[in-house]
Amino acid sequence: MPIASSADWEAYAKSTSSALIRAHYFFTVWRNYRILLHGLKIPQGSLLEIGSSTGLNSLRLSKKYNLKPTLVDTSKFALALAYRLYSRSYIIPKLIQKDVLELSLNQQFDFVHSHGLLEHFKHSAQLVAFQNHAKHVRPGGWLICWVPTPDILYRLSRWYLERTGQWIFGYEKPLHLRDFISFFRQNTFQIKRIRHPPGWIGIAAKKML
């Protein structure tokens, strides 16, 4: 099943070049990743980000944990920006233009993650998208997913963006914690940590051997 209404992901990728968005990624998104992963034993090896856009999160993760990155996104433009961004850091990522619903790589990874992806799918397609995360995690590897949750901050932020014509994300249905946890429990994962900052839920889980 496709995304219900298309988002403008090229516009989103372009926005990551602005100083304001970069500051947001560093002081909010990256901070949440650091807190979620703090103290967990993340192995060196391979990284896969699904729905990567320009891969800012994966670039920092690759540096911190010495991971070799593979980025998957539907936007050719976003992946081109990612290549330029990574080249400045002397890291060469593998870039794959693919829809998560059709993703089947002949490889499993030590660290698989996505940020703000699963909420863009409806019903059974959302489960397929999650399973296409899960099957690419090697036994003993990590799966980290972040999704928005419908708290007051999310509802107010979305209301403002829609009211001012700035909503570019297409169909999006935030997840409740119990529903998000159920995805991991239906697969062979042991949840190690949950982080629930305003507007978001992050889960770090380890695939059982």
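With R₀ set to 22 Å, the beta-carbon distance separating Arg178 from Tyr65 gives a calculated FRET efficiency near 0.15.
What separates the Cα centres of the stretch 132-153 and the stretch 19-76 is a distance of 13 Å. Pairs of alpha carbons in the stretch 1-122 separated by more than 22 Å make up 33% of all such pairs. The trypsin sites (Lys or Arg not before Pro) of the stretch 8-89 that DSSP puts in a loop, and whose beta carbon has at most 14 other beta carbons within 10 Å, are Lys41, Arg88. When you filter the trypsin sites (Lys or Arg not before Pro) in the stretch 117-169 for DSSP loop state and at most 15 other Cβ atoms inside 10 Å of their Cβ, you are left with Lys122, Lys135.
Beta bridges per DSSP, both residues in the chain: antiparallel share near 40 percent. Put one equal scatterer on each alpha carbon of the stretch 25-82, apply the Debye formula with no solvent term, and list log10 I(q)/I(0) at q = 0.19 1/Å to two decimals. The calculated log intensity ratios at q = 0.19 Å⁻¹ are -0.70.
Mind giving me the FRET efficiency for Gln186 and Asp8? R0 is 25 Å, r the Cβ-Cβ distance, nearest 0.05 is fine. Calculated value: 0.20. Could you compute how fast the stretch 128-190 diffuses translationally, taking Rh as the Kirkwood radius over C-alpha pairs and applying Stokes-Einstein at 10 °C with viscosity 1.306 mPa s? Give it in µm² per second. D, rounded to a whole number, is 115 µm²/s. Excluding same-chain neighbours fewer than eight residues apart, the aspartates and glutamates reachable from Lys98 by a Cα-Cα span under 13 Å are Glu49, Asp73.
When every Cα-Cα distance of the chain is counted in 5 angstrom steps from zero, the calculated P(r) takes the values 1, 7, 15, 21, 23, 18, 11, 4, 1, 0 percent. In loop segments of the stretch 53-136 as defined by DSSP, the chymotrypsin sites (Phe, Trp or Tyr not before Pro) with at most 16 further C-beta atoms inside 10 Å of their C-beta are Tyr90. Residues whose amide H lies under 5 Å from that of Leu48, counting only those 5 or more places away or on a different chain, are Thr70, Phe111, Val112, His113; hydrogens are built 1.01 Å from N in the peptide plane. Within straight-line reach of Lys192, meaning a Cα separation under 21 Å, sit the following lysines at least 8 residues removed in sequence or on another chain: Lys41, Lys64, Lys135, Lys206, Lys207. Quick one: Karplus J couplings for the stretch 175-182, per residue in order, coefficients 6.51, -1.76, 1.60, θ = phi - 60°, nearest Hz, x for Gly and Pro? Coupling constants for the stretch 175-182: 9, 7, 4, 4, 5, 5, 4, 4 Hz.
None of the figures in this text is laboratory data; all of them are computed from the coordinates on show. Since we're looking at a predicted model, the values are computed, not measured. Quick reminder, even Gly has a Cβ in these numbers, built from the backbone with ideal geometry, and neighbours come from all protein chains shown.
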